[in-house]
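The values are calculated or read from the model by the stated rules, or taken from the named source; none is laboratory data. Please read these numbers as outputs of a predicted model, since none were measured by experiment. Cβ sites come from the backbone with ideal geometry, for glycine too, and all protein chains shown count toward neighbours. Just the protein is used for accessible areas: all its heavy atoms, side chains included, with ligands, DNA and RNA removed. Shrake-Rupley method; radii C 1.70, N 1.55, O 1.52, S 1.80 Å.
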Amino acid sequence: MQVEQQRYVGEILVRRGALAAERMEELLVTAIEKDASLLDVVLATRETEEEKVVRALAEEVGIPFLEEEIRPDDVAAELVDAVPIAFARTHCLVPLVDHGDYVQVAISNPLDPGPLDDLRALLGKRVEPVAAPGEKIEDAINSVYQRKADGEIGQDTAEEVDEIQDLLDATDEAPVIRWVNNLFYNASRAAASDIHIEPGEREVIVRNRIDGKLFPVKTAPKSVHAAIVSRVKIEAGLNIAEKRLPQDGRITKKIQGRLIDVRVSTIPTARGERIVMRLLDKEKVVLDLTDLGYEGARLETLHHLITRPNGILLVTGPTGSGKTTTLSACLRRINSPELNILTAEDPVEYDIPGVGQLQIHPKIGLTFASALRAFLRQDPDVIMVGEIRDHETAEIAIHASLTGHLVLSTLHTNDAAGAVTRLVEMEVQPFLISSSVLGVIAQRLVRKLCRTCKQPYAPSVMDLRSLGVDDERFAALRRPGVQAFRGIVHTHAEDAPAAPERLSIEPLQLLTPEELTELELGLDEEPTRMVAADAITPALKPGGLPSDLSSAIFYRAIGCDDCAQTGYKGRLAISEMLIIDEAVRRDILNHADAATISRTAIAGGMRTLREDGARLVLSGITSLEEVLAATQAAEME
């Protein structure tokens with residue numbers, strides 16, 4: 001889209017009050033740099049709600065906005081048959097009602113009349129558009145065409161599909177192709193990271209990993225298992241005749257205009273071949289560090305580390321803890337025309353404009369070590385290595401840091417201090433570690449509680465002890481001046497503690513009556529005042545635990561339609577940041593173990609993983625169970 005057209009769209013959003021003028025200019029620059037649509041950038045960065053954007057565009061061109069929900073059951077089967085699913089998804093539209101001489105159609109982009117002309121040709125009738133958010137339309141498309149697909153690959157047609165032994169020779173393969181394609185579409189819509197296709201005794205079970213947890217999403221008769229596996233293997237370029245050995249391959253899918261890189265792994269099991277597919281959105285907008293949960297002094301410290309001219313910053317944690325996402329966010333924050341930034345990744349998960357990103361291929365000798373060695377001849381300022389796995393890679397990374405380069409990388413250890421001992425195990429000399437490593441971040445991902453259905457409760461003594469809170473602090477919870485129900489905090493004015501020096505608008509902070517003036521939602525008889533729990537938070541001391549727990553309220557997961565009955569929606573990082581200061585450096589040079597280094601860092605002010613998780617629990621962002629599960633390994637270590 002030309003710059004003039006992009007600007008025209010932005011001016012509409014500004015004029016209609018859907019977007020601030022200053023933000024429009026910033027997002028327009030981002031859209032031009034990424035060669036993307038301004039609307040896609042606005043929605044991807046969550047700058048405003050999609051409903052506001054679509055409503056503004058609809059008002060501009062005079063198209064009605066669809067206020068009610070789209071009911072898939074009301075869409076006639078004839079309309080579904082007439083409009084191919086690929087066309088509906090590509091242009092984000094869905095036919096709604098056939099009125100005889102015209103068909104009402106929901107569209108998400110009122111400024112694009114082209115698809116409507118094609119739709120008139122498909123239907124042979126006049127088309128009357130109504131505007132609706134893309135998310136609402138996509139859900140309708142999914143439900144409408146899923147109903148059709150289920151009818152074609154259900155139990156009644158199992159015998160017919162079972163006859164498909166080899167899809168290369170099949171004459172009627174459409175049902176299986178649609179069924180497999182639907183897996184990708186549903187997973188992409190649900191922001192799933194993995195798709196698991198598992199053969200059972202009598203059926204095939206599909207589970208998606210969403211926010212780190214697996215959820216069953218679909219089943220099929222066991223008779224179609226061979227056809228499904230063959231279809232996936234064909235797309236991934238694997239040998240469909242080989243059923244006895246594990247295989248690995250890749251698929252590139254285009255879903256709603258976005259390229260999705262799919263890593264495919266198959267293994268033989270007693271009940272048939274099992275498939276796991278990892279989905280990587282090549283065009284996904286890289287989150288900022290603040291979106292990942294870094295804020296305040298911790299964000300300032302991390303920013304100081306990644307703007308140093310040389311040294312090594314390591315991020316540790318198990319697989320799936322968001323290490324690569326954090327490093328990509330660091331690169332995005334420091335990325336500028338003045339810096340030459342190179343990365344070696346396996347695979348390249350995020351596309352960062354202006355950064356040279358290299359995909360390693362161990363089979364042809366392109367390893368992390370060889371890539372890093374080649375980078376040093378490319379005049380780099382910043383280097384990111386996907387993982388330090390061996391002595392050779394560690395040695396080259398340290399050499400690069402000591403010769404004036406900033407190196408970012410990851411390690412597989414449970415806590416930050418364990419990274420030091422891991423490097424020693426790789427035969428790296430302690431004096432090289434102490435002189436090259438700037439800091440180590442240990443990270444975990446915890447699920448965020450759904451804001452719609454999370455339920456408050458008073459924590460027990462054991463709950464507080466698990467977060468490091470003693471009985472004396474717990475006794476303050478029993479003061480009669482504080483009550484909680486359904487996210488509302490009642491506090492008596494004479495019992496309110498002294499106000500903190502800085503007013504932080506986060507969950508669960510008790511304020512003085514004077515400070516309640518602007519936040520007050522209602523007023524009963526004095527001296528009781530009522531404020532929303534989401535407008536207040538406990539003051540935290542440097543260790544991460546509240547200095548006054550008289551207002552502590554925990555939240556538990558319940559489940560609703562907004563979070564697919566899980567009680568959680570989205571994830572956030574908790575971390576501990578080990579800075580290599582003089583005290584820690586002495587421990588390293590003295591060959592101290594990880595526990596000793598950790599104690600030294602904590603004495604110097606390091607907040608542990610459990611304490612950082614406690615901050616989120618006390619702020620109502622996540623649950624106690626999530627933090628305990630995520631930090632159990634580190635605590636045992």
- R0 of 35 Å, Cβ-Cβ distance ASP593-GLU26: FRET efficiency to nearest 0.05: 0.15
- Message: Please compute the modelled spin-label separation between VAL424 and GLN455, points set 7 Å along Cα→Cβ, answer in nm with one decimal.
- Response: 4.9
- Kindly state, to the nearest 0.05, the FRET efficiency for ASP248 paired with ARG71, given R0 = 60 Å and r defined as their beta-carbon distance. 0.90
- Query: What order do THR252, THR30 take when sorted by accessible area (1.4 Å probe), most exposed first?
  - Reply: THR252, THR30
- Message: Show me the ranking of peptides 349-356, 227-234 by mean Cβ neighbours inside 10 Å, starting with the highest.
- Response: 227-234, 349-356
- Message: I need the shape label for segment 33-149. Rule: rounded when a/c is under 1.5, else prolate if a/b > b/c, else oblate, with a, b, c from the alpha carbon gyration tensor.
- Response: prolate
- Heavy atoms of LEU245 accessible to a 1.4 Å probe, total area in Å² rounded to 10: 100
- Item | Computed lengthening from GLN5 to ARG274, 0.36 nm per intervening residue step minus Cα-Cα distance | 92.1 nm
- Within segment 179-267, list the GluC sites (Glu not before Pro) lying in a DSSP loop whose Cβ has at most 13 other Cβ atoms in a 10 Å radius. GLU201, GLU242
- Item | Computed accessible area, CYS92, all protein chains, 1.4 angstrom probe, square angstrom | 20
- Roughly what would the spin-label model give for ASP379 and ARG178, points 7 Å off Cα along C-beta, in nm? 5.7
- Approximate spin-label separation ALA603-ILE267, in nm, with each point projected 7 Å along Cα-to-Cβ: 4.5
- Can you flag which of LYS254/LYS448; LYS323/LYS454; LYS213/LYS323 are past 23 Å Cα-Cα? LYS254/LYS448; LYS323/LYS454
- Theoretical FRET efficiency, 1/(1+(r/R0)^6), r = Cβ-Cβ of GLU33 and THR307, R0 22 Å, to 0.05: 0.55
- Query: Distance from the Cα centre of segment 209-223 to that of segment 550-602, in angstrom?
  - Reply: 30
- Mean-position separation - Cα centroids, segment 22-83 and segment 354-398, in angstrom: 41
- Query: With every protein chain in place, what's the accessible area of ARG333 (1.4 Å probe, Å², nearest 10)?
  - Reply: 80
